[in-house]
Amino acid sequence: MQPIYHQIRQRARQIILRHPTADFYHDHSEADEVSKQFFDSSREIKKLLSFLAGTLENDFGHGLMHAVKVSHDAGALMLIEARPSGYAEDPLLRLVCLAQTAGLLHDVKRKKKDHSTHAAAHAKKLLKKYSFSGEEIRHISTAIQNHEAFKEPVDANSSEGQLISNCLYDADKFRWGPDNFHDTLWDMVSYFNPPLTKFMEGYPQGMEKIKSIKSTFRTSTGKKYGPQFIDLGLSIGEELYKVIQTEFSSYL
């Protein structure tokens with residue numbers, strides 16, 4: 001990454017620190033903690049995480065750090081959404097495992113065109129080596145197939161499959177908030193290495209794309225909290241745009 005972008009990234013992270021944490025993490029701190037504890041203790045997740053550590057590339061800002069964050073939030077969303085249905089503890093945690101597994105695998109084919117379809121096919125093959133049933137693998141692969149924005153989702157064929165799919169989608173789109181300006185954007189810049197002038201030319205269009213995510217959240221929890229993630233990202237992005245125009249004007 002060009003030195004100028006290191007400076008801009010630092011300014012972006014300073015701006016983020018002045019913004020509040022999303023309400024989701026305050027209001028659902030218990031679910032967040034349970035999801036993280038399960039993630040750290042599950043044998044299946046540990047096995048999958050070990051495999052991905054050596055294979056998941058970060059070129060497009062959707063590497064292992066992104067996958068772990070999505071998995072944590074997908075698991076928390078599952079706990080919040082499924083508990084009211086009266087699931088016993090073990091079946092509920094199994095759904096958390098499926099959501100987190102989908103989170104870890106959803107971007108394994110990020111460099112390919114129509115990466116969600118390729119990632120879903122890859123997951124179907126890979127997970128046969130794990131202790132997942134055929135139905136569970138279908139749920140996970142369908143969720144991965146359905147995680148891209150602005151695409152018509154395929155039928156999940158069951159309420160549980162649909163819930164896994166929706167939790168993955170919303171957890172992934174939470175990352176379009178502050179996370180985008182903390183990590184994702186700079187990993188993408190590092191890979192494409194555009195001149196700053198070109199970066200700024202595409203900036204307004206990028207902001208409009210972020211804004212368009214606000215109305216796409218799928219779970220009831222995502223619909224409640226997702227727009228705030230996006231608004232935080234937009235506020236950070238707008239401030240950063242002005243900072244670049246003023247503090248880094250000599251590069252434009």
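The numbers here are math on the coordinates, done by the rules we state, and not lab data. Computed from a predicted model, the values in this text were never measured in an experiment. Every residue, glycine among them, receives a Cβ derived from its backbone with ideal geometry; neighbour counts consider all protein chains shown.
Listed by position, the helices (runs of 4 or more DSSP H) contained in the stretch 152-252 that have at least 2 residues being under 18 Å from Q10 (Cβ atoms) and of a type outside the set (S, T, Y) are 185-192, 196-211, 220-247.
Condition check: surrounded by fewer than 24 Cβ atoms within 10 Å (Cβ to Cβ) and more than 25 Å from K46 (Cβ to Cβ). Does Y203 satisfy that? Answer is yes for this residue.
Screening D183, D170 for residues that are crowded, with 19+ Cβ neighbours inside 10 Å and touching a Phe, Trp or Tyr at 6+ places or on another chain (Cβ under 6 Å) leaves exactly one candidate, D170. Against the numbered list (1) farther than 28 Å from K224 by Cα; (2) in contact with a helix residue (DSSP H, G or I) (Cβ under 8 Å, 6 or more places away or on another chain), K113 comes up short only at (2).
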